[in-house]
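**Q** Have a look at the structure that comes next, please.
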Amino acid sequence: MPRRKLGLLIPSTNTVAEPEYYATVPDGVSVHTGRMLVRDAAIGSDASYLRLHDQMLEAVEPTGRVLATCGPDHVAFAMAASSFVGGADGDAAVRRRVEAAVGAPMTSAPAAFTAALEALGATRIAVLSPFQPVIEAEVVRYFHETGVEVVARHSFRPPRTTAIAEVGESEVRDALARCSDPAVDAVLQLGTNLRMASQARAAAWWLGKPVLHVNTVMVWHALRAMGCTGWGAGIIPSLGDPTTKESAP
C-alpha cells in the first residue's frame, strides 16, 4: 500500500507529465491524475494562450473535486503557465484555488523552482519554454518579484498544446546550447508537456550548470512537502544523483 499519494492535475492534452512523474517518484509514492479538459488546444498566439489559461482555471474545481475522492496527501498543478500569470500574487491565488478544490497542499511550478534556486544559490537564469510572449513576460515578472533575474529565454512556440510534446531532442539541445552564457547560474525548462527529463542531466554536465526540468523539480518539491526526506536533494542536478530512487519514509 502506498505511503504517500501524490495528486497530479494536468491539461487533458498533456502526454508527457504522467510518464515522467511515474518514472521519478520513489517506491512508496503513488501518482493519481486528474485531467483538466482542454476544449481549445490552440496556443499559437498571445490571445490563444490566455484562452488556454482561462480554460485551466475553469477546470480546477470540477477536476479537483474528482481528484479529491482518492484522498491525495499533496497535489502538483502541472499547468506551469497558469501559475505564473499574475506574478507571485497570481501563483498564490492559483494555489489557494487548487488547495480548496482538492483539499490538499499544492506544489506549483513557480514554488518548486523558487525552492530549487534557493537550494542552489542561483539568482540569474535562462528559461526555455513553449510559451507565447504574453506568458514569457509573466514568467519574467514572477522571477523579478522573487529576486531572480532572467538573463536569457527561448520559446519553441508550437501552434497547439499537443505539439509541445513533439518538440525534438535536437531542437531542445540547440536551445540549451544558446544558454551557455557564463552570466547564467541555472537553466530552467518550463512547459510540463515538453519532453526533456532524459536530457536535463546530460545538459547540466556539458553546460557546466544546473538544468532544472519542470516535472522533475515539481516532484522534488512535492516529496519534500510530503516529508519524503530520505530521497530528494539529488533530483536537482549538481546537488547529487538525480537518478537515485530510494523508498519514501
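The values are calculated or read from the model by the stated rules, or taken from the named source; none is laboratory data. Quick caveat, the model's predicted, so the values are computed rather than measured. Cβ coordinates were reconstructed from backbone atoms using ideal geometry, including for glycine residues, and neighbour counts include every protein chain displayed.
**Q** Report yes if Val85 is surrounded by 24 or more Cβ atoms within 10 Å (Cβ to Cβ), modelled with pLDDT of 95 or more and not assigned by TED's automatic domain parsing to the domain that holds Val127, otherwise no.
**A** No.
**Q** Here is a check on your reading of the model: is Thr69 surrounded by fewer than 19 Cβ atoms within 10 Å (Cβ to Cβ), within 22 Å of Ser129 (Cβ to Cβ), modelled with pLDDT of 95 or more and among the β-branched types (Val, Ile, Thr)?
**A** Here the answer is no, as Thr69 does not meet what is asked.
**Q** Can you tell me which of Leu117, Leu128 is crowded, with 24+ Cβ neighbours inside 10 Å and under 24 Å from Arg224 (Cα atoms)?
**A** From the options Leu117, Leu128, the qualifying one is Leu117.
**Q** A further question follows. Would you please list the contacts, defined by Cβ atoms under 7 Å and residues six or more apart or on different chains, that run from a residue in segment 145-167 that is closer than 16 Å to His53 by Cα to a residue that is aliphatic (A, V, I, L, M) and in a helix (DSSP H, G or I)?
**A** Pro158/Ile164; Thr161/Leu52
**Q** Let me ask something else. Determine whether Gly103 is at positive phi and either in the same structural domain as Val75 (by TED's automatic domain parsing) or at pLDDT 95 or above (or both).
**A** Answer is yes for this residue.
**Q** A further question follows. Can you tell me how many residues within segment 1-52 are among the hydrophobic types (A, V, I, L, M, F, W, C) and more than 21 Å from Val94 (Cβ to Cβ)?
**A** 5
**Q** Might you let me know whether segment 191-210 holds any residue that is surrounded by fewer than 20 Cβ atoms within 10 Å (Cβ to Cβ), in the same structural domain as Leu8 (by TED's automatic domain parsing) and hydroxyl-bearing (Ser, Thr, Tyr)?
**A** The answer is no; no qualifying residue exists.
**Q** Based on what the data block shows, is Leu57 of a type in the set (A, V, I, L, M), part of a helix (DSSP H, G or I) and either out of contact with any Asp or Glu (no Cβ under 9 Å at 6 or more places or on another chain) or within 24 Å of Ala104 (Cβ to Cβ) (or both)?
**A** So Leu57 passes the test.
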